[in-house]
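Undergrad: Input: one structure, supplied below.
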Amino acid sequence: MKLPVYLYGHPVLRKTAETVAPGREGLKELLENMYATMYASEGVGLAAPQVGLSERIVVIDADPVGESFPECAGRRLTLINPEVEVLDGERIVRAEGCLSLPGLSENVGRTEHIRLRWQDENFEQHEEEISGFLARIVQHECDHLYGKLYIDHISPIRKQLIRAKLTNIAGGKIRVDYPVKFAPKTRK
Ligand code: NI
């Protein structure tokens, strides 16, 4: 079942997500729904806050960008309680987008070399060093678990330039071709 994607301006996207405990009811179904939602909106990653749940859960399927970034080919990751450790390396600037910020894409500098620790859907512990664009996707998605969005990494000048677009997203004044949930109206 596809879930609506919560858009920029919704407070759930700014909350710090809670740790997931083994035996969390409905986890399997939630993961299926998150994958269905991600595929339907042609994203390569989706974090639980983006479907309105403040929990440390991320799904990634980076295979669609595998031709441009070989490290992404065939990589599907279900991350429960992920922890990212950024390792040394060069800061690389690349364009990023986000399903919660439709129609926007901005350059973001990141170190694309990380150590990732996570639990899978059976709460088995995993650890892997990840590089390149896959590491960027993981960092972007894990940022969501701390209430952070990629636009938080861009310069104040750049942010000023997209201010009107952000206001339109937050105000529900955009069209999106996948199911979405706009921010609640705030009284001025
Ligand atoms: Ni995102």
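The values are calculated or read from the model by the stated rules, or taken from the named source; none is laboratory data. Keep in mind it's a predicted model, so treat the numbers as computed, not measured. Note that each Cβ is placed from the backbone with ideal geometry, even for glycine, and that neighbours are counted across all protein chains shown. For accessibility, only protein heavy atoms count, side chains too; no ligands or nucleic acids. Shrake-Rupley method; radii C 1.70, N 1.55, O 1.52, S 1.80 Å.
Undergrad: Restricting to DSSP loop positions (anything but H, G, I, E, B) with no more than 10 other Cβ atoms inside 10 Å of their own Cβ, which GluC sites (Glu not before Pro) remain in the stretch 103-142?
TA: Those that pass, being in a loop and sparsely packed, are GLU124.
Undergrad: Could you tell me what % of all Cα pairs in the stretch 50-136 have separations over 22 Å?
TA: Tail fraction, whole percent: 31.
Undergrad: Still on this structure, please answer the following. How high is the relative contact order of the chain, in percent, counting Cα pairs under 8 Å that sit 6 or more residues apart?
TA: 27 percent.
Undergrad: So which chymotrypsin sites (Phe, Trp or Tyr not before Pro) in the stretch 103-157 are both in a DSSP loop and have at most 16 other Cβ atoms within 10 Å of their Cβ?
TA: PHE123, TYR146
Undergrad: Next up: Given contacts defined as C-alpha pairs under 8 Å and at least six residues apart, what's the relative contact order of the stretch 73-142, whole-number percent?
TA: Relative contact order here is 32 percent.
Undergrad: A follow-up question, please. For a test of the definition: using alpha carbon positions, the gyration tensor, and the 1.5 limit on a/c, classify the chain as rounded, prolate or oblate.
TA: Cα axes put the chain in the oblate bin.
Undergrad: Under a crude label model (7 Å from the Cα following the beta-carbon direction), how far is LYS159 from GLU90 in nanometres?
TA: 2.8 nm
Undergrad: Provide the percentage of antiparallel DSSP beta bridges, counting only those with both residues in the chain; round to the nearest 5.
TA: For the chain, the DSSP antiparallel bridge percentage is about 90.
Undergrad: Using 0.36 nm times the number of residues separating TYR146 and GLU127, minus their current alpha carbon distance, what extension gain do you get?
TA: Full-extension gain reported as 4.8 nm.
Undergrad: Full-extension gain between THR186 and LYS173, please, as 0.36 nm times their residue separation minus the C-alpha to C-alpha distance.
TA: Between THR186 and LYS173, full extension yields 3.3 nm more.
Undergrad: How much net charge surrounds LYS173 when only other residues with a Cβ under 13 Å from its Cβ are counted (Lys, Arg +1; Asp, Glu -1)?
TA: +3
Undergrad: Rounded to the nearest 20 Debye, what is the dipole magnitude of the chain about its Cα centre when Lys and Arg each give +1 and Asp and Glu each give -1 at the C-beta?
TA: The calculated dipole for the chain is roughly 1520 debye.
Undergrad: At 7 Å along the Cα-to-beta-carbon direction for both ARG117 and LEU166, put a label point, then send me their distance in nm to one decimal.
TA: Reported label-point gap for ARG117 and LEU166 is 3.3 nm.
Undergrad: Would you mind calculating the gained length between ASP63 and ALA36 on full extension (0.36 nm times residue separation, minus the Cα-Cα distance), in nm to one decimal?
TA: This chain segment gains 8.2 nm when fully extended.
Undergrad: For the chain, what is the accessible area per residue in Å², given a 1.4 Å probe and the full set of protein chains?
TA: 53 Å²
Undergrad: What part of the accessible area of the chain, given as a whole %, is carbon or sulfur when the probe is 1.4 angstrom?
TA: Answer for the chain is 48 percent, counting heavy atoms of protein chains only.
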